[in-house]
Amino acid sequence: MSKIPITPIEKMSYILTSFLLLTSITLCANAQLIKKTYIIQMDKSAMPNTFSNHLDWYSSKVQSVVSNSVEAEMDYEERIIYTYQTAFHGLAAKLSQEETEKLEAEDGVLAIFPDTKYELHTTRSPTFLGLEPLHRSTNNIGSNKLVDHDVIVGVLDTGIWPESESFNDTGLRAVPSHWKGACETGRGFTKSHCNKKIVGARIFYHGYEAAAGKFDEQTEYKSPRDQDGHGTHTAATVAGSPVHGANLQGYAYGTARGMAPGARIAAYKVCWSGGCFSSDILSAVDKAVADGVNVLSISLGGGVSSYYHDSLSVAAFGAMERGVFVSCSAGNAGPEPVTLTNVSPWITTVGASTMDRDFPAYVKLGNGANVTGVSLYKGRNKLSAKKQYPLIYMGSNSTSPDPRSLCLEGTLDPKRVSGKIVICDRGISPRVQKGQVVKNAGGLGMVLTNTAANGEELVADCHLIPAVAIGEKKGKELKDYVLTSRKATANLAFLNTRLGIRPSPVVAAFSSRGPNFLTLEILKPDVVAPGVNILAAWSGAIGPSSLTTDHRRVKFNILSGTSMSCPHVSGIAALLKSKHPEWSPAAIKSALMTTAYVHDNTIKPLRDASTAESSTPYDHGAGHINPSRALDPGLVYDIEPKDYFEFLCTQKLTQTQLAVFGKYSNRSCTHSLASPGDLNYPAISVVFPEQKSISVLTSHRTATNVGPPVSKYHVVVSPFKGASLKVVPDTLNFTRKYQKLSYKIIFIAKSRPAEPEFGGMVWKDGVHKVRSPIVITYMAPI
């Protein structure tokens, strides 16, 4: 039988069809192998009794579908990138299409969702605070609504790194005409480093040199340039320009922006390698007020002394007189009580809280258990995912402190540590330095365990070696495992960034606590704001761990502390000042306090990270800041400088001591305040004295209407066990804007509980909720 000849066109068509068919088959095969991220919802109640925890069960499910895959040799636990345990139960894992189809048939699997891409708008705190809509509506570059461009924030810190993209001035209008500051020059800092974003930069060092001697100008910048990183971070948090793609080695990827991205920054360098001195700080505040700043952000503290004996307090009083809002960090001495700094009532004292973002990591133990922690490690010294490494703890079960368990410099024996993962207790030395000590001794990794002082609070660090931080309870279990097992082993795994953490916010364990022992009637801190794992701009002169041995250089860094929460409030204050330029510093503080919230994203009372129990006003003050509500608070409690002076008159100061408070030095006390608790403060704190005969106390307040001209407010007061409260009048009828109406709160003691009682009072008009925390303290009767 003869063959039918094939024409050239038919031949070409055949070849093309075969090629397309083979390509299609290859693509289909590759599609089965390509791994994507999927979210797997699990039926929590379906976990078999053979598993001790859900993570092990989730891991087994993933293992069951990857064991026969082409890449079975890959550790299946590396596939799991998240686990969910609260509102959503399940995990997120990297799977191929074939593996996903297999997993769908497994018992206990409710649903599988492909990971959907969302556009990143922020590194988190502006979105967490609800600022994104405000930024879009009022801060668009080129918009005519850039009212916050006229607000200048003075940042007292370690200087500024001007090359950071966070200080780009593209689109900003001319420098405000009221600005009288200067751009001082020095090594590494010229006039050109100031722009329409960094409108001024000054240095203050004479006090430092007087105390510590002249510093080496070759090793330290005697100029506004920031060698430490702290000042750059706080300045960018206040008013940094938007920077897309900001991250720390891949962590917290998004768009970084300050709280008031259109505001201007004036950098006042008051801190050097040997510390910050009050004389320099006082000079900087004085100069900043003269320069024309509207807000001062001061993430510094030096203990507590009498109002008249605290130079920062005195300087802040002068700034307040000139209409400058002053916010300061509360300190990082928590969770011990009575550890606050910067407690003057004319200063806004800011504590720290968490956000709904975390950086999960975990310790995989040789006994099959997994301990969850946090970390920002991402380096070359990676541990093999397929191996287990010897785990060692140099301490013991004894309660006596052991320098070796703290991994202090020179305490680790290389012969015992080399090639192992070392457990280090938190305390005394910096967290990242402990990792360096382990590395120097030949250790391969570190598990940093909290002690009772830190509880379950986890702070992520950019370590130089693989390291995971874990809580106190899990730390004890881990150490027991090591001390009771001959061959304890572990590995460390890092899961990058996770959002939607619940509960949040939580009051940070390190955040300093009240009460304010100088004046119990002035409740401190005032508010809490994000201060844990905050991403912002960084200095190019130092690595992210701040260790001299760290040669990495990053544009952004993640830090924790009330130093980070303070600039959040400073930036929000700048936004309020831009919208309400006529408001006094006290009115701005009132708006921040009376609109703060006291419940987390699970609709439960704010919690304390150190105890996992509900926090109190001694921990969180009036609550967590709520910027969108603060812009329209309805009512404010205003305070004039003379009112603060009258408050000082209740503090039994001499005329000489009163004289330090500026223009009122020659003023005699009129005693218009019956007690310090009568200061028109947004928070209410009363103290029943020891005398049982005094069973009735009265506090007075005056509210100013900044909402609709015609407004009617009704009051709601929470009940107290030890006292009954009555507000007179219980209704406020306003007929015009800025009208002031007064009321009084009558406290009648019924019993005298040993501990303070906490509650609140809310004025409502159907739109606004103006809340004041209330604290009642009962002194032990004589």
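The values are calculated or read from the model by the stated rules, or taken from the named source; none is laboratory data. Not measured: the values here are computed from a predicted model. Positions of Cβ are generated from backbone atoms using ideal geometry, with glycine treated the same way; all protein chains shown enter the neighbour counts. Calculation scope for accessible area: heavy atoms of the full protein, side chains included, ligands and nucleic acids excluded. Shrake-Rupley method; radii C 1.70, N 1.55, O 1.52, S 1.80 Å.
For this structure, a couple of remarks:
- Number of the exception - Thr339 against (1) touching a helix residue (DSSP H, G or I) at 6+ places or on another chain (Cβ under 7 Å); (2) surrounded by fewer than 24 Cβ atoms within 10 Å (Cβ to Cβ); (3) closer than 15 Å to Asp619 by Cα: (1)
- Hey, Lys604 of a type in the set (Lys, Arg) and either open to solvent by 30 Å² or more (accessible area, probe 1.4 Å) or more than 24 Å from Arg264 (Cα to Cα) (or both) or not: yes
- Which numbered condition Lys222 fails, given (1) part of a loop (DSSP other than H, G, I, E, B); (2) farther than 13 Å from Tyr268 by Cα: (2)
- Some residue of the range 517-526 being of a type in the set (Phe, Trp, Tyr) and either surrounded by fewer than 19 Cβ atoms within 10 Å (Cβ to Cβ) or at pLDDT 95 or above (or both): yes
- Extreme residue, modelled with the lowest pLDDT, among residues of the range 28-47 that are surrounded by 15 or more Cβ atoms within 10 Å (Cβ to Cβ) and among the hydrophobic types (A, V, I, L, M, F, W, C): Ile39
- Pick from the range 542-570, criterion among the aliphatic types (A, V, I, L, M) and part of a loop (DSSP other than H, G, I, E, B), ranking: surrounded by the most Cβ atoms within 10 Å (Cβ to Cβ): Ile542
- One residue stands out in the range 238-257 among those that are over 16 Å from Ile558 (Cβ atoms) and in contact with a strand residue (DSSP E or B) (Cβ under 8 Å, 6 or more places away or on another chain): the one that is most open to solvent (accessible area, probe 1.4 Å), namely His244.
- Taken across the range 624-633, residues that are open to solvent by 50 Å² or more (accessible area, probe 1.4 Å), of a type in the set (Gly, Ala, Ser) and farther than 30 Å from Arg736 by Cβ do not occur at all.
- Residue in the range 676-694 that is surrounded by fewer than 14 Cβ atoms within 10 Å (Cβ to Cβ) and among the hydroxyl-bearing types (Ser, Thr, Tyr) present: yes
- Residues satisfying the stated conditions in the range 315-337, i.e. among the aliphatic types (A, V, I, L, M) and either modelled with pLDDT of 95 or more or touching a strand residue (DSSP E or B) at 6+ places or on another chain (Cβ under 8 Å) (or both): Ala316, Ala319, Met320, Val324, Val326, Ala330
- Enumeration of residues in the range 195-214 that are closer than 17 Å to Ser539 by Cβ and either in contact with a Ser or Thr (Cβ under 9 Å, 6 or more places away or on another chain) or in a loop (DSSP other than H, G, I, E, B) (or both): Lys197, Ala201, Ile203
- Cβ-Cβ contacts under 7 Å between residues 6 or more apart (or on different chains), taken from a first residue in the range 401-416 that is within 22 Å of Ala453 (Cα to Cα) to a second residue that is surrounded by 17 or more Cβ atoms within 10 Å (Cβ to Cβ) and among the aromatic types (Phe, Trp, Tyr), are listed as Ser405/Tyr393.
- Single match in Ser560, Ser590, Ser584, Ser615 (criterion: out of contact with any helix residue (DSSP H, G or I) (no Cβ under 7 Å at 6 or more places or on another chain), on the phi < 0 side of the Ramachandran plot and modelled with pLDDT under 95): Ser560
- The condition (being in contact with a Ser or Thr (Cβ under 9 Å, 6 or more places away or on another chain), open to solvent by 10 Å² or more (accessible area, probe 1.4 Å) and assigned to a loop (DSSP other than H, G, I, E, B)) is satisfied by just one residue among Leu408, Leu391: Leu408.
- Residue count for the range 429-446 under the criterion of being open to solvent by 60 Å² or more (accessible area, probe 1.4 Å) and either of a type in the set (Ser, Thr, Tyr) or over 28 Å from the mean Cα position of the chain (by Cα) (or both): the result is 3.
- When residues of the range 137-153 are limited to those that are assigned to a loop (DSSP other than H, G, I, E, B), open to solvent by 10 Å² or more (accessible area, probe 1.4 Å) and at negative phi, the one modelled with the highest pLDDT: Lys145
- Failed item in (1) out of contact with any Gly (no Cβ under 7 Å at 6 or more places or on another chain); (2) open to solvent by less than 30 Å² (accessible area, probe 1.4 Å); (3) among the acidic types (Asp, Glu), with Asp226 passing the rest: (1)
- The range 477-493, residues that are touching a residue at least 60 places away in the same chain (Cβ under 8 Å) and over 22 Å from Gly455 (Cα atoms): Ser485, Lys487, Ala488, Thr489, Ala490, Asn491, Ala493
- Of the residues making up the range 170-208, just one is under 30 Å from Pro581 (Cβ atoms), in contact with a Gly (Cβ under 9 Å, 6 or more places away or on another chain) and among the aromatic types (Phe, Trp, Tyr), namely Trp179.
- Filter pass, Pro676 being at pLDDT below 95 and within 34 Å of the chain's Cα centre (by Cα): no
- Residues (basic (Lys, Arg) and either open to solvent by less than 40 Å² (accessible area, probe 1.4 Å) or at pLDDT 95 or above (or both)) located in the range 732-782: Arg736, Lys737, Lys740, Lys744, Lys764, Lys769, Arg771
- Sole residue being open to solvent by less than 20 Å² (accessible area, probe 1.4 Å), more than 23 Å from Ala316 (Cβ to Cβ) and of a type in the set (A, V, I, L, M), chosen from Leu156, Leu172: Leu172
- Any hit, the range 663-673, residues being assigned to a helix (DSSP H, G or I) and not assigned by the TED database to the domain that holds Phe720: yes
Yes or no, residue by residue, for (1) assigned by the TED database to the domain that holds Leu535; (2) closer than 30 Å to Arg553 by Cβ; (3) of a type outside the set (D, E, K, R):
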| residue | (1), (2), (3) |
| --- | --- |
| Leu408 | no, yes, yes |
| Ile428 | no, yes, yes |
| Val432 | no, yes, yes |
| Asn454 | no, yes, yes |
| Asp461 | no, yes, no |
| Lys474 | no, no, no |
| Thr489 | no, no, yes |
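- Filter result for Lys474 (open to solvent by 10 Å² or more (accessible area, probe 1.4 Å), within 20 Å of Ser418 (Cβ to Cβ) and either in contact (Cβ under 8 Å) with a residue 60 or more places away in the chain or assigned to a strand (DSSP E or B) (or both)): no
- Residues of the range 574-581 include none that is in contact (Cβ under 8 Å) with a residue 60 or more places away in the chain, in contact with a Leu (Cβ under 8 Å, 6 or more places away or on another chain) and open to solvent by less than 10 Å² (accessible area, probe 1.4 Å).
- Boolean, Arg502 is within 26 Å of the chain's Cα centre (by Cα), modelled with pLDDT of 95 or more and under 24 Å from Asn626 (Cβ atoms): no
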